[in-house]
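In what follows, a structure is listed as structure tokens, so that the remarks can point back to it.
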Amino acid sequence: MRPVALVTGGTRGIGLGIALQLAVNGYDLILNGVREEVEVKPVLENLRAIGVEVYYAKGNIALEADRIGIIETSKRRFGKLNVLVNNAGVAPRVRADILEVTPEDFDELMVINLRGTFFLTQSIALWMQEQKQENPGDVFSIIHITSISAVLASINRAAYCISKAGLSMFSKLMAVRMAEHDIPVYEVRPGVIATDMTEKVKYVYGERIQNGLTLEKRIGLPEDVGKVVAALAKGDLPYATGQVITVDGGLTVERL
């Protein structure tokens, strides 16, 4: 039987790039998103054409009932889950100076990017423990998709940066907790990636990249992140639980 992966926010952008690479590597998929299934049907069909099973679990990870529904979809469709990829997240509705952030905007990012991810992972980690006990030879992993904003300060995206920094620490904590069950936990930290989230500023970043923002003279692609996630899921980076893999074209390399 093929291994199964759940990718939150998996029908567009980085999440879709991850889903595609996992499918190519033989993973059946549960893709989560907030859009209606009819809107993502072409995405699902394209992935199924690769030769794997793909199901959609509509839900907002900020809501407990939706988190339960996502997990129940995995149990009902496959009866197991080998890989959790925590990719779902939102950007600020308005890029406001840190001194102008409203409580409402702050709370929205925290409840989705951090709180929702925390409690979805908690539930799935408990399920993975049970699966590992029943099938010790099976391979499991948890992969968090954060951002270089976890370590680089952007004063007009304060809540986003804080949420990603919190998720980075959560990844380390889970790595420590899950080690006794032989379930590795990783953090993948993308840089500037061409998605709908960066569409409005792609020309600004494009110019900065050509002027030396990154060592590699191009914007990142969702498939760049997807290939790293697939390698982690397959165990191609062994003996590395708790580590951060940065996919940013060299943006965060310290230099003179």
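We did not get these values from a lab; they are worked out from the coordinates using the rules stated. Keep in mind that what you see is a predicted model, and the values were worked out from it rather than measured. Note: ideal-geometry Cβ built from the backbone for every residue, glycine included; neighbour counts use all protein chains shown.
What the table below lists for this structure:
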item	result
Cα-projected label distance for residue 64 with residue 102, points at 7 Å along beta-carbon direction, nm	2.7
Net lengthening on full extension, residue 256/residue 127 (0.36 nm per residue, minus Cα-Cα)	41.7 nm
Likely footprinting exposure, 119, 140, fewest C-beta neighbours within 10 Å first	119, 140
Gaussian network model of the chain, springs between alpha carbon atoms under 10 Å - residue of 146, 73, 241 with greatest fluctuation	73
nm² value of the averaged projected area, convex hull over the Cα atoms of segment 164-256	7.2
Efficiency of FRET from Cβ geometry, residue 198 and residue 45, R₀ 30 Å, rounded to 0.05	0.70
Fully extended contour minus Cα-Cα distance, from residue 2 to residue 210, at 0.36 nm per residue	70.7 nm
Rounded Å value of the spacing that divides the Cα centres of segment 201-244 and segment 1-78	22
Ranked 14, 71, criterion: other C-beta atoms within 10 Å, fewest first	71, 14
Ratio of the Cα radius of gyration of the chain to 2.2 N^0.38 Å, where N counts its residues	0.98
Helix-only [θ]222 nm of the chain, DSSP H runs n ≥ 4, -39500 (n - 2.57) each, per residue, nearest 500	-13000 deg cm²/dmol
